Amino acid sequence: MAITNQTAPLLRGVPAPASIWHETPLLSVRGLSKRFGAGCDHCRMPSTDEREASRCKYCGSIWACRSLSFELHPGEILGVVGESGSGKSTLVKCLYFDETTTSGEMTIANFENGEANLFEKSAQQKRYIRNHIMGMVYQNPYLGLRMNFSSSGNIAEKLFAADQYHVGRIRERASQLLQQVEIPLSRMDEPPKNFSGGMQQRVQISKALANNPPLLLLDEVTTGLDLSVQAKVLDLIRSIQRELQVAMIVVSHDLGVIRMLSDRTMVLRQGLIVEQGLTDQILEDPQHPYTQLLVHSLL
Ligand SMILES: Nc1ncnc2c1ncn2[C@@H]1O[C@H](COP(=O)(O)OP(=O)(O)OP(=O)(O)O)[C@@H](O)[C@H]1O
Ligand SMILES: [Mg+2]
Ligand SMILES: [Zn+2]
């Protein structure tokens, strides 16, 4: 893997270099759909008509994601924005194999030349992909961290999963990662349950980065944090992207967060993409009435 974040210090306040996106996307997703519930004759297939609700009125099943297609380039940040229940978390959980996808394809350039549909891989191969190619930061830090392990132990766990067993090197890497997210080294052996919400999110971020993943998934990473803490976490995410060139999918119901972070944005509503494009364009000239509403409420 070309990406290393072993040595890169996190410099602050350095302007982002003009991104040169590679021709080949890192991640390609085609027709990703996820249904919760058994389905019936009326909802066997997800409707892509946005006038149709995501919930089947006959059987109550929900198409949380309806035929989503998009690409992510190396080092790029893609924002996913939408109201509560629009399918944002379901999307990232499908990408991280936390949820089983009902239909669709996902390829990653670093795995089998980008030719394999990862949703069809065995559980063991999915674990490998998760542990070696992806990092995930959950909205709820309790899902991403073992609160009773030490913070360094949390990072060690991720490194073990990625087949790194050298105790000395693991310890060194853990202290380096925690320093990057500004957790004092004197606290690296403390369990995250002792930490504030913002610190827990920073430990989660360092854990997600431990295996140098080219792809990081962040679900509502700043929701519920104080504005000042939010700003710090956003700043950290930007420095990581700038210096490590990690590609990210950043999920938020807050267009302000998306505006700060993402190059391109995808607007979800009722499990459908209603608009996608360059973030600046979406903010300046939103096309869909729902996006117009989001943008106007930001002003
Ligand atoms: N495990 C589940 N079982 C049944 N339905 C679910 C499940 N998880 C999510 N859903 C449904 O799927 C839809 C999308 O939910 P999801 O959590 O992806 O939304 P979201 O955009 O992340 O919302 P929020 O902004 O509130 O986090 C919702 O209608 C939700 O009720
Ligand atoms: Mg969510
Ligand atoms: Zn149905």
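Yes/no per residue for (1) touching a Gly at 6+ places or on another chain (Cβ under 8 Å); (2) in contact (Cβ under 8 Å) with a residue 12 or more places away in the chain; (3) within 16 Å of ligand 3 (Cβ to nearest atom); (4) part of a helix (DSSP H, G or I):
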| site | (1), (2), (3), (4) |
| --- | --- |
| Ser69 | yes, yes, no, no |
| Leu91 | no, yes, no, yes |
| Phe97 | no, yes, no, no |
| Thr101 | no, yes, no, no |
| Gly104 | yes, yes, no, no |
| Ala116 | no, no, no, no |
| Gln124 | no, no, no, yes |
| His132 | no, yes, no, yes |
| Leu143 | no, no, no, yes |
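Filtering segment 165-205 to residues that are in a helix (DSSP H, G or I) and small (Gly, Ala, Ser) leaves Gly168, Ala174, Ser175, Ser186, Gly197, Gly198.
Only one entry in Ser47, Ser19, Ser33, Ser67 is at pLDDT below 95 and within 16 Å of ligand 1 (Cβ to nearest atom), namely Ser47.
All of Lys57, Lys88 fail the test of being within 15 Å of ligand 1 (Cβ to nearest atom) and either more than 29 Å from Arg242 (Cβ to Cβ) or hydrophobic (A, V, I, L, M, F, W, C) (or both), apart from Lys57. Where helices (runs of 4 or more DSSP H) sit wholly within segment 215-299, those with at least 3 residues that are under 15 Å from the mean Cα position of the chain (by Cα) occupy 227-244, 255-261. Of the set (1) surrounded by 21 or more Cβ atoms within 10 Å (Cβ to Cβ); (2) touching a helix residue (DSSP H, G or I) at 6+ places or on another chain (Cβ under 6 Å), all apply to Asn131 but (1).
Of all the residues in segment 126-151, those that are in contact with an Asp or Glu (Cβ under 6 Å, 6 or more places away or on another chain) and within 16 Å of ligand 2 (Cβ to nearest atom) number 2.
Among Val274, Val257, which is the only one that is in contact (Cβ under 8 Å) with a residue 24 or more places away in the chain, within 16 Å of ligand 1 (Cβ to nearest atom) and under 26 Å from Ile133 (Cβ atoms)? Checking each option against the conditions leaves just Val257.
Summed over segment 49-67, the residues that are surrounded by fewer than 23 Cβ atoms within 10 Å (Cβ to Cβ), within 16 Å of ligand 3 (Cβ to nearest atom) and at negative phi give a count of 10.
For segment 89-116, the tally of residues that are within 16 Å of ligand 2 (Cβ to nearest atom) and touching a Lys or Arg at 6+ places or on another chain (Cβ under 7 Å) stands at 4.
The values are calculated or read from the model by the stated rules, or taken from the named source; none is laboratory data. In this text, all values refer to a predicted model and were calculated from it rather than measured experimentally. Cβ atoms come from the backbone with ideal geometry, glycine included; neighbour counts cover every protein chain shown.
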